[in-house]
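Have a look at the structure below, then the notes.
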Amino acid sequence: GIEFIDSYVFNQVEYIRFNSTVGRYVGYTEHGVKNAEAWNSDAGILGQEQAELERYCKHNNANYYSAILDKT
């Protein structure tokens, strides 16, 4: 399967991450945890991340495998 991870970094520290396998945001700092709680309760924000999985990952994954199959 495909796993989409959207990390947010400030001053070289990852403070929050969306992981498509979990389907939620996970915070790694105090600020990130607060944002994760807010963003996880917002269906619109979660929907945008899931749309990115469909739009970017699955589209490019299909192209990637097509290119491999063309060479074999």
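The number of residues in the stretch 1-41 being over 13 Å from the mean Cα position of the chain (by Cα) and of a type in the set (Lys, Arg) comes to 1. When the strands (runs of 3 or more DSSP E) confined to the stretch 1-53 are screened for residues that are open to solvent by less than 50 Å² (accessible area, probe 1.4 Å) and either touching a His at 6+ places or on another chain (Cβ under 8 Å) or aromatic (Phe, Trp, Tyr) (or both), those reaching at least 2 such residues are found at 13-19.
Residues in the stretch 1-24 that are of a type in the set (Phe, Trp, Tyr) and in contact (Cβ under 8 Å) with a residue 24 or more places away in the chain: 3 in all.
The values are calculated or read from the model by the stated rules, or taken from the named source; none is laboratory data. From a predicted model like this one, the values you see are computed outputs, not experimental measurements. So basically every Cβ, Gly included, is an ideal-geometry build from the backbone, and we count neighbours across all protein chains shown. Remember, those area values only see protein heavy atoms, side chains included, never the ligands or the DNA or RNA. Shrake-Rupley method; radii C 1.70, N 1.55, O 1.52, S 1.80 Å.
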